[in-house]
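Structure first, then comments.
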Amino acid sequence: MAKVLVIYHSQQFGDTKSLAKALAEGVRDAGVEAEIISTNERCITLDEFLAAGGVALGTPDYFSYLAGTIKTFFDDIYLWDKSGESVKGKPAALFFSHGGGGRVREPFEYLADKFFDHVGETVESRRPTGDEAKQKCRALGKELARKLK
Ligand SMILES: Cc1cc2nc3c(=O)[nH]c(=O)nc-3n(C[C@H](O)[C@H](O)[C@H](O)COP(=O)(O)O)c2cc1C
């Protein structure tokens, strides 16, 4: 079965990274392969995106918006779509970390809904990341994996 890409940006404290790891654990618990990709380290290629069965996307709230590298990922999908690639409709789970504002939810879900089949409820975590948010991410990972089966 195709794997899940867990794609995230994390830079300040590692909050979003810990959510990404919990979500990937949930995917694996459900018997599906998960690959964690930090957008601080590299971009997602078209070929690996097309091969994925689903994605999980995580960002910190930066000025009530997505981190730049995650926005770039959405820009890439838009351009792939415009060039005729079949990129729309994959199942996707969303999660984000914030410092008390959390207004990134609206633009994040708006962009995701353009390209993905949004799975479950977006997990929101006010930093510092606690066990409850990690458990929610783990459950969301399981829900996403079940969508692939
Ligand atoms: C440049 C920058 C802008 C931020 N803007 C917001 C914001 O608008 N609202 C908010 O709630 N938190 C904001 N934060 C706080 C981060 O969202 C929060 O610390 C988050 O948990 C960091 O995640 P990370 O440790 O994965 O990088 C901002 C942090 C940075 C570095």
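A short reminder: the numbers here are calculations on the coordinates, not readings from a lab. Because the structure is predicted, anything quoted here is derived from the model rather than measured. No Cβ is skipped: glycine too gets one built from the backbone with ideal geometry, and neighbour counts run over all protein chains shown.
Fewest-first ordering of 110, 78, 8, 62 by other beta carbons within 10 Å of each residue's beta carbon gives 110, 78, 62, 8. Across region 1-56, Cα-Cα pairs farther apart than 15 Å form 45% of the total. When 97, 125, 38 are sorted by how many other C-beta atoms sit within 10 angstrom of their C-beta, beginning with the fewest, the order is 38, 125, 97. Ordering 13, 95, 73 by the number of other Cβ atoms within 10 Å of each residue's own Cβ, fewest first, gives 13, 73, 95. Evaluated with a Cβ-only charge set (Lys, Arg +1; Asp, Glu -1), the chain carries a dipole of roughly 240 debye about its Cα centre, given to the nearest 20.
Can you compute the helix-only [θ] at 222 nm over the chain? Use -39500 (n - 2.57) per DSSP H run of at least 4 residues, normalise by all residues, nearest 500 deg cm²/dmol.
-14000 deg cm²/dmol
Give the average over all directions of the projected area of the C-alpha convex hull of region 59-147, one decimal, in nm².
For region 59-147, averaging the hull's shadow over all directions gives 5.8 nm².
A full extension of the chain between residue 76 and residue 43 corresponds to an added length of 10.9 nm, given 0.36 nm per residue minus the alpha carbon distance. With only Cα atoms counted, the chain has Rg and Dmax values of 13.9, 42 Å. Rounded to the nearest 5, the antiparallel percentage of DSSP beta bridges internal to the chain is 5%. Which pairs in the list 3/71; 71/147; 82/114; 3/142; 21/134 are over 19 Å apart, alpha-carbon to alpha-carbon? With Cα atoms farther than 19 Å apart: 3/71; 71/147. Placing pseudo-labels 7 Å out from each Cα toward the beta carbon at residue 51 and residue 132 gives an inter-label distance of 4.0 nm.
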